[in-house]
Amino acid sequence: MYESKSADNAASQILEQKPADIDTCFERALKMKPCPIGAMGACCRICHMGPCRLVGKDNGREVKGICGADVDTVVARNVVRMIAGGSSCHGDHGRDMALTLLAVANGKARDYRIKDIRKLNKIASILDIETGGRAADDIARDVATALLNDFGRQIGEVNFVRRAPAKTRKRWEKWGIVPRGIDREIVEAMDRTTMGMDADPDSLLLHGLRVAVANGWGGSMMSTEITDILFGTPTPVKAAASLGIFKEDEVNLVIHGHEPTLAEMIVEVVADPAIVIYANSKGAKGINLCGMCCTANEVMMRHGIASAGGLTNQEISLMTGLVEAMVVDVQCIMPALSELSKNFHTKFITTSRKARILGAVHIEFEEDRAREIATEIIKLAIDNFTRRTRGGSHITESRPVIAGFSHEYIEFMQGGRYNGSFRPLNDAIISGRIRGVVGLVGCDNPRVLATGIHKFLALELIRNDILVLTTGCGAAACGNAGYLIPEAALEHAGPGLREVCEAIGNPPILHLGSCVDNTRILTIAAAMAAEGGLSEEIGGMPAVGIAPEWMSEKAMAIGSYFAASGVPVIFGGESPVAASKEVTRIMTEVWYQRFRGALRFESDPESILSLAIDYIDRAREALKLRKYEPGTFSGERVLMDMAARRASK
Ligand code: MSK
């Protein structure tokens, strides 16, 4: 009997029929026991006197590395390197988006055009760039140039830091973590953590936060904003989610990864009648474009393209035997896909110079030939339709999803175009209808019952009247479980949250996009602080971040920028800093004192839930809000219903 390690129903069904000669991350996770020393952060590999294992005692004293580094230093260095790694990923993503915007403005990426001029003007005004009477391309050139300067700046501040509440910025200034340039902070992190450099855990971790702020309020935030400028700011859209989205009689093309530039062009080209006729000529009824991981979130948010799921579904999707091509760009792509694809007819296509995988077909993406390359890839998939060979395990169930909750739309849905604000949300929190807000985000993970902890927490949080914002593979997990629809409020939410969702017509769990889009949550938190009535800074809000199944260095970077911004964050799984009580104390208690945020690790899902609720209730108490009691609220209903919102447009 196959014991499934995925809580995704469709994934489990396919895995149950998996041929014995095929391995997935689930089997590999069972076989691969984590190194216990590395797992708790106590392995130092930064020079060749070691690797040193900082465990146990030597003559009754703590073991030190050959250079004399103690376990606190080693653990702190390791976690700072994780933050730097994750920030590099999202930083490069932001850089690529800024370079694309510049190319579009300069007429060097002619297949693209700027879709959201309103957003372009908004970002230009934040950057003090003149907009009046100027052509969009001229404004875009200045915006791209200003943001690109954030990477190489040596002195000064990353631009979007100014979007944080003044009190939050004051804390950053006091503790010296205002980022200068994105690249500079990452390089300094690598420098500080080499042999013979910073050996003070607190100093190391403060720099880790500086890198993280450069990521959250720099590279990631610019990525989200530029993507909206180029491809449109999301508004709610209906889509489907599940491994059951593949169609027997159509060409199934999966786009997987993170940067949406190629994916957007593929979305455009598959709608071209000529390419559909070409697919028909090969016997296919059409082209079924599907997303995977965060590329799925990007194209679902803007076009309603269906998602096959998050990280742990990528291999399983190929095992349906229905995928003509899987096209990948960067981040979270399992190299295993290359070998696995050879068991079927699937073409596995890499497209980024930065992420080549042996055995894949490599078609390098160049933005000045975007349409031509997208067409080449789609035709390859179509030509492959006639080659379907090995039968896979196909299932047909799928779940409806409402995605597309950009921070702009969330503001709009609380009052319409002219009266939109975060006042109703703040009031709902003040009245006790909404107990607090949780960002339930991050990866799914085969080390646990994959997607299962996301699903458990999502339901329990909304039952407790906590509004959930979700991104990345957490959003995919909630989508595949059927929780991203308004009806989920009627079925699962507590009485206060249900009332709010009924008035607005939104799901109790809002899909905010990909993992880089966690910055939308920062923007919302800053807007809530500016609105008044709760905390004047992000810290102190009844808000918590949870990444229950995280696996990526990007998650560590994200958790750290939320902690620095004032949000207590709880990560699931074993603690990668468990070897050092001091590092654990700094991240849990000292960061909380200094920034009102924290980053802590808790493997038990029930404990994650009670910790999150405890943070929220303590914040409510400190803000002198009425004690949360389910079903009892103060004040009148303040949220506008659908009719009132339409009238205000
Ligand atoms: S894809 S970083 S597994 S959320 Fe953004 Fe999912 Fe985590 Fe990758």
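The values are calculated or read from the model by the stated rules, or taken from the named source; none is laboratory data. All figures in this text were calculated on a predicted structure; none of them were measured in a lab. Virtual Cβ from ideal backbone geometry, glycine too; neighbours counted across all protein chains shown. The protein model used for the area step is the full one, side chains on, heavy atoms only, and it has no ligands, DNA or RNA in it. Shrake-Rupley method; radii C 1.70, N 1.55, O 1.52, S 1.80 Å.
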Ordering 345-358, 44-57 by per-residue average of other C-beta atoms within 10 angstrom, highest first, gives 345-358, 44-57
Between region 142-187 and region 243-282, how far is it from one alpha carbon centroid to the other, in angstrom? 39
Which FRET efficiency value, to the nearest 0.05, is calculated for residue 174 and residue 634 with the Förster distance at 51 angstrom and r the Cβ-Cβ distance? 0.90
Accessible area of the chain with a 1.4 Å probe: how many percent of it is carbon plus sulfur? 51
Which whole-Hz couplings ³J(HN,Hα) result when phi for each residue of region 315-329 is put into the Karplus expression 6.51 cos²θ - 1.76 cosθ + 1.60, θ = phi - 60°, listed in order with x for Gly and Pro? 6, 4, 4, 5, 6, 6, x, 10, 8, 6, 8, 10, 10, 10, 10
Might you tell me the accessible area per residue for region 181-250, computed with a 1.4 Å probe and given in Å²? 27
Computed over region 237-387, the relative contact order (Cα-Cα under 8 Å, seq sep at least six) in percent reads 28
Multiplying the sequence separation of residue 531 and residue 187 by 0.36 nm and subtracting their Cα-Cα distance, what value in nm do you get? 120.2 nm
From the Cα gyration tensor of region 404-646, with a ≥ b ≥ c the square roots of its eigenvalues, which class applies: rounded if a/c is under 1.5, or else prolate if a/b is larger than b/c, or else oblate? prolate
For residue 320, the residues 5 or more places away or on another chain with a placed amide H closer than 5 Å to its own amide H are 393
Could you give P(r) for the chain, binned at 10 Å from zero, as whole percent values over all Cα-Cα pairs? 3, 16, 27, 27, 19, 7, 1, 0
Rounding to the nearest 20 debye, state how big the charge dipole of region 71-231 is about its Cα centre with +1 on each Lys and Arg Cβ and -1 on each Asp and Glu Cβ. 460
Tell me the relative contact order for the chain as a rounded percent, counting alpha carbon contacts under 8 Å between residues six or more apart. 16
With a ≥ b ≥ c taken as the square roots of the eigenvalues of the C-alpha gyration tensor of region 237-387, please select rounded if a/c is under 1.5 and otherwise prolate if a/b is larger than b/c or oblate if it is not? rounded
Of all alpha-carbon pairs in region 71-231, indicate the percentage at a distance above 24 angstrom. 38
Once the dipole of the chain is set up with Lys and Arg at +1 and Asp and Glu at -1 on Cβ about the Cα centre, which of 103, 71, 333 lies farthest towards its positive end? 71
Euclidean distance between Cα centres, region 471-547 to region 426-462, Å: 8
Which value, in Å² and to the nearest 10, is the accessible area of residue 609 when all protein chains are kept and the probe is 1.4 Å? 20
Using each residue's phi in region 136-153, evaluate 6.51 cos²θ - 1.76 cosθ + 1.60 at θ = phi - 60° and report the 3J(HN,Hα) Karplus result to the nearest Hz, with x for Gly and Pro. 4, 4, 5, 5, 4, 4, 5, 4, 4, 5, 4, 6, 4, 5, 5, 6, x, 5
Taking a 1.4 Å probe, which of 624, 554, 108 shows the most accessible area, and what order do the others take after it? 624, 108, 554
Region 484-572 shape via C-alpha gyration tensor axes, a/c threshold 1.5: oblate
Go through region 537-551 residue by residue and turn each phi into a ³J(HN,Hα) via Karplus (6.51, -1.76, 1.60, θ = phi - 60°); whole Hz please, and just put x for glycine and proline. 10, 5, x, x, 6, x, 9, 9, x, 9, 10, x, 10, 3, 9
Which one of 93, 144, 121 is farthest out on the positive end of the charge dipole of region 68-144, using unit charges on Cβ (Lys, Arg +1; Asp, Glu -1) and the Cα centre as origin? 121
Rounded to the nearest Å, what's the spacing between the alpha carbon centres of region 283-298 and region 328-381? Just the number, please. 14
With the contact rule set at Cα under 8 Å and sequence spacing of 6 or more, what percent relative contact order holds for region 346-484? 19
Order by protection proxy (mean Cβ within 10 Å, highest first), peptides 79-88, 363-372, 392-401: 79-88, 392-401, 363-372
Among 130, 589, what's the order by accessible area (1.4 angstrom probe), most exposed first? 130, 589
Using only the alpha-carbon atoms of region 199-286, report the extent along each of the three principal axes, biggest first, to the nearest angstrom. 66, 28, 23
Which loop GluC sites (Glu not before Pro) in region 164-211, with loop taken from DSSP, have no more than 13 other Cβ atoms within 10 angstrom of their Cβ? none
Residues meeting the amide H criterion for residue 572 (H placed from the backbone, H to H distance under 5 Å, 5 or more places apart or on another chain) are 547, 549, 550, 602
Just how large is the dipole of region 181-287 about the Cα centre, in debye to the nearest 20, putting +1 at every Lys and Arg Cβ and -1 at every Asp and Glu Cβ? 460
Can you give the local net charge around residue 44? Use residues other than it whose beta-carbon is closer than 13 angstrom to its beta-carbon, Lys and Arg +1, Asp and Glu -1. +3
Amide H neighbours of residue 64 under 5 Å, counting only residues 5+ apart in sequence or on other chains, H built in-plane at 1.01 Å? none
Size of the dipole of the chain about the Cα centre, Lys and Arg at +1 and Asp and Glu at -1 on the beta carbon, nothing else charged, in debye to 20? 580
